[in-house]
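Chemist: Handing you this structure, nothing more for now.
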Amino acid sequence: MNGSVAKRYAKALFEEAKEQFVDGQVYAHLGTLHSNMKATPDLQMALINPRVSPEKKYSLLLLASGLDPEATTLYTRFLQLLLKNHRENKLRLIIFVYRDLYREYHQIDRVVFETAVPVERAMVEKLIQSIKRHTGREVECETKVKPSLIGGFRLRIGDHRYDYSYQYKLEKIRECLGATLPRT
């Protein structure tokens with residue numbers, strides 16, 4: 001039930017945004033909001049706190065979305081509707097669903113590229129161009145540094161995962177050795 005409410009809101013917002021040719025703008029605002037919610041757990045707590053007034057929640061959402069308090073757009077009206085219907089607790093899921101709808105409609109693959117150490121932007125650009133040539137779709141790439149990989153990299157393209165990390169190779173060696181060692 002929870003997911004269906006969020007899906008209805010996200011789908012309605014996406015359809016209206018497409019109609020008004022602002023789906024990319026809404027996507028950008030939701031991306032900024034999501035990043036700020038992730039970076040500031042107190043924001044999420046304020047949104048679900050019944051003691052925080054809807055007006056204060058609205059101001060927080062505008063600020064976290066990178067919008068001017070005087071802005072009036074489909075996105076701001078959507079936020080007001082969400083608060084009026086007390087659905088702010090569904091916001092994170094709405095963001096995820098909207099972003100998935102947007103990516104699918106615009107044929108964008110979400111790519112996560114994880115490395116043990118930071119890599120140069122030129123290398124990431126080469127990777128993006130290679131994936132674009134291979135898939136024929138646009139690419140939205142997120143890079144992450146994960147020292148636990150030791151070396152190599154992990155790549156996730158949509159639902160596909162490729163693990164070429166030393167951590168993965170060491171785990172496989174441990175599994176093989178563990179299978180051949182006598183049990184005590």
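The values are calculated or read from the model by the stated rules, or taken from the named source; none is laboratory data. Values in this document were obtained by computation on a predicted structure and should not be read as measured data. Reconstructed Cβ throughout: ideal geometry from the backbone, glycine too, with neighbour counts over all protein chains shown.
Chemist: If you go through the range 36-52 one residue at a time, do you hit one that is of a type in the set (Asp, Glu), assigned to a helix (DSSP H, G or I) and surrounded by 16 or more Cβ atoms within 10 Å (Cβ to Cβ)?
Modeler: So far as the range 36-52 goes, no, none of its residues is of a type in the set (Asp, Glu), assigned to a helix (DSSP H, G or I) and surrounded by 16 or more Cβ atoms within 10 Å (Cβ to Cβ).
Chemist: Something else now. Just to be sure before I move on: is Thr115 polar (S, T, N, Q), surrounded by 15 or more Cβ atoms within 10 Å (Cβ to Cβ) and at negative phi in the structure I sent?
Modeler: yes
Chemist: Just name the residue that is nearest to Thr40 (Cα to Cα) out of those in the range 54-93 that are of a type outside the set (A, V, I, L, M), free of Cβ contacts under 8 Å to residues at least 60 places away in the same chain and part of a loop (DSSP other than H, G, I, E, B).
Modeler: This residue is Gly66.
Chemist: Could you please let me know if Leu155 is at pLDDT 90 or above and within 20 Å of Ala122 (Cβ to Cβ)?
Modeler: So Leu155 fits the description; yes.
Chemist: Are any of the residues in the range 122-129 part of a helix (DSSP H, G or I), β-branched (Val, Ile, Thr) and without any contact (Cβ under 8 Å) to a residue 12 or more places away in the chain?
Modeler: No, because not a single residue in the range 122-129 is part of a helix (DSSP H, G or I), β-branched (Val, Ile, Thr) and without any contact (Cβ under 8 Å) to a residue 12 or more places away in the chain.
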